[in-house]
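So the structure is just underneath, and the comments pick up after that.
No lab work stands behind these numbers, since they all come straight from the coordinates. Just so it is clear, the model here is predicted, and its values are computed rather than measured. Here the Cβ is made from the backbone with ideal geometry for all residues, glycine too, and neighbour counts use every protein chain on show.
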Amino acid sequence: MKCVICDGSNFEIITNQLRNDIKRNIVRCNKCKIISLENPEKNVVDYTKLEYRQKYTAIVNEESSPKEFFDLQMNSEILEIGSSTGHFLESIKNSVSKVVGVELDPNHAKFARDFCNLEILEKPLEKIDFKNKKFDVIFMFQVFEHIQQPLQLLEKCKKILKPNGTIYVEVPNIDDVLFSIYESESFKKRYFRSPHVYYYSKNTIEKMFNKAGFNGVAKTIQEYSVFNHINWILTQNPQKSQIEGYASLNWKHNTSNFHTENQVLKKWFEKINTEYKEILEKNNIAEHVVFRAKTDS
Ligand SMILES: [Zn+2]
């Protein structure tokens with residue numbers, strides 16, 4: 001096996017077990033540190049069996065609208081690779097001039113067409129003939145880690161981006177604090193799963209994109225709360241749902257007794273949650289890595 005980024009051939013095995021007791025090696029290149037399934041190009045993916053990708057995330061739900069967050073213009077033409085059921089495109093379609101999705105899961109593609117009236121292409125990006133059509137922004141949320149031949153995909157992205165176009169990618173962060181610092185065994189067991197071919201950090205996603213000719217920077221973003229992480233540390237188990245995991249600590253307090261004390265405590269918990277997220281993001285150990293680059297003007 002040869003490393004896709006640095007051509008190196010020395011790899012260290014990180015684990016030999018994926019989620020659901022699947023036996024496959026996950027390896028790290030000793031030179032550039034990229035982590036992947038062993039022989040990533042040989043991975044066989046059944047797109048109809050992928051777990052539902054939760055994409056309508058807190059990033060999109062934050063007070064700033066997606067339009068402002070992603071710096072979209074009224075005349076922007078947008079392509080989302082891995083558009084799933086169309087949530088994201090649906091949320092921005094009225095703020096831009098055109099949205100197109102690429103989605104390989106036929107059920108998700110159909111849903112996006114039937115219920116959101118979106119234009120969805122159901123082929124791998126490399127096989128789509130866009131003629132001379134080009135886009136202002138390409139988005140990939142929790143998709144790039146599934147791509148077996150990332151350099152080929154990025155090559156195609158370059159061809160279909162307009163000058164001064166933007167590529168915006170979000171992937172899980174392999175340097176997530178649960179993994180890199182708390183070393184949670186149960187988190188690790190759930191983390192590695194066969195549809196994920198590459199496991200990126202801030203550092204390695206920048207290397208991958210630089211290799212493909214995109215010069216940009218990555219940063220990490222934390223959505224799960226500090227309370228979710230404390231729960232992991234104490235119980236070695238995830239919370240019941242993503243909504244719970246994102247929530248601030250809350251309790252019912254309906255009487256007027258202890259009103260001031262209640263407010264003080266709530267504020268304090270909110271403060272530590274905010275500070276915790278800031279620490280993780282500053283140190284690039286938050287849960288998602290986002291990478292953004294522009295093509296030449
Ligand atoms: Zn390498």
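List of remarks:
- Evaluated at q = 0.09, 0.10, 0.12, 0.14 Å⁻¹, a Debye calculation over the C-alpha positions of the chain (equal weights, vacuum) places log10 I(q)/I(0) at -0.48, -0.59, -0.85, -1.14.
- Computed FRET value (nearest 0.05) for Leu151 with Lys23, which takes r as the C-beta separation and R₀ as 35 Å: 0.80
- Kirkwood Rh (inverse of mean 1/r, distinct Cα pairs), segment 179-269, angstrom: 16.7 Å
- For segment 170-176, 3J(HN,Hα) computed residue by residue from phi via the Karplus equation (6.51, -1.76, 1.60; θ = phi - 60°) reads 10, 9, x, 9, 5, 8, 2 Hz, glycine and proline entered as x.
- In terms of overall dimensions, the C-alpha atoms belonging to segment 140-297 reach 64, 36, 23 Å along their principal axes, ordered largest to smallest.
- Of the trypsin sites (Lys or Arg not before Pro) found in segment 113-145, the ones in coil according to DSSP and having at most 10 other Cβ atoms within 10 Å of their Cβ are Lys131.
- When the chain is described by a simple charge dipole with +1 on each Lys and Arg Cβ and -1 on each Asp and Glu Cβ, the residue from Ile181, Ser256, Tyr246 located farthest towards its positive end is Ile181.
- In the chain, helices alone account for a calculated mean residue ellipticity at 222 nm of -9000 deg cm²/dmol, with every DSSP H run of four or more residues adding -39,500 (n - 2.57).
- Efficiency of FRET from Cβ geometry, Leu234 and Ser256, R₀ 25 Å, rounded to 0.05: 0.15
- Mean separation of Cα contacts under 8 Å, 6 or more apart, over the residue count of the chain: relative contact order %: 18 percent
- Loop-located chymotrypsin sites (Phe, Trp or Tyr not before Pro) in segment 107-163 whose Cβ has at most 16 other Cβ within 10 Å (DSSP): Phe130
- Contour minus Cα-Cα distance for Lys127 and Lys266 (0.36 nm per residue): 44.8 nm
- For Glu275 and Leu249, a Förster radius of 22 Å and the Cβ-Cβ distance give a FRET efficiency of 0.95, rounded to the nearest 0.05.
- Taking the average, over residues, of other Cβ atoms within 10 Å as the packing measure, peptides 22-32, 215-225 rank 215-225, 22-32 from highest down.
- If the chain linking Val217 and Glu183 were pulled fully straight, counting 0.36 nm for each residue of separation and taking away their Cα-Cα distance, it would gain 9.6 nm.
- Net dipole in debye of segment 106-195 [+1 Lys, Arg Cβ; -1 Asp, Glu Cβ; about Cα centre; nearest 20]: 460 debye
- With pairing defined as another cysteine C-beta under 4.7 Å, the cysteines of the chain that fail it are Cys116, Cys157.
- Taking each of Lys127/Lys294; Lys110/Lys158; Lys207/Lys294 in turn, the alpha-carbon distance tops 21 angstrom for Lys127/Lys294; Lys110/Lys158.
- Per DSSP, loop chymotrypsin sites (Phe, Trp or Tyr not before Pro) in segment 238-297 with at most 12 further Cβ within 10 Å: Trp251, Phe258
- Think of each Lys and Arg Cβ as +1 and each Asp and Glu Cβ as -1; about the Cα centre, that makes the dipole of the chain roughly 560 debye.
- Its alpha carbons give segment 93-146 an Rg and a Dmax of 11.8, 29 Å.
- Nitroxide proxy distance, nm - points 7 Å out along Cα→Cβ at Arg190 and Thr15: 1.1 nm
- In nm, spacing of pseudo-spin labels at Lys98 and Asn210 (7 Å Cα→C-beta vector): 3.5 nm
- Taking all C-alpha pairs of segment 103-183, those more than 15 Å from each other amount to 68 percent.
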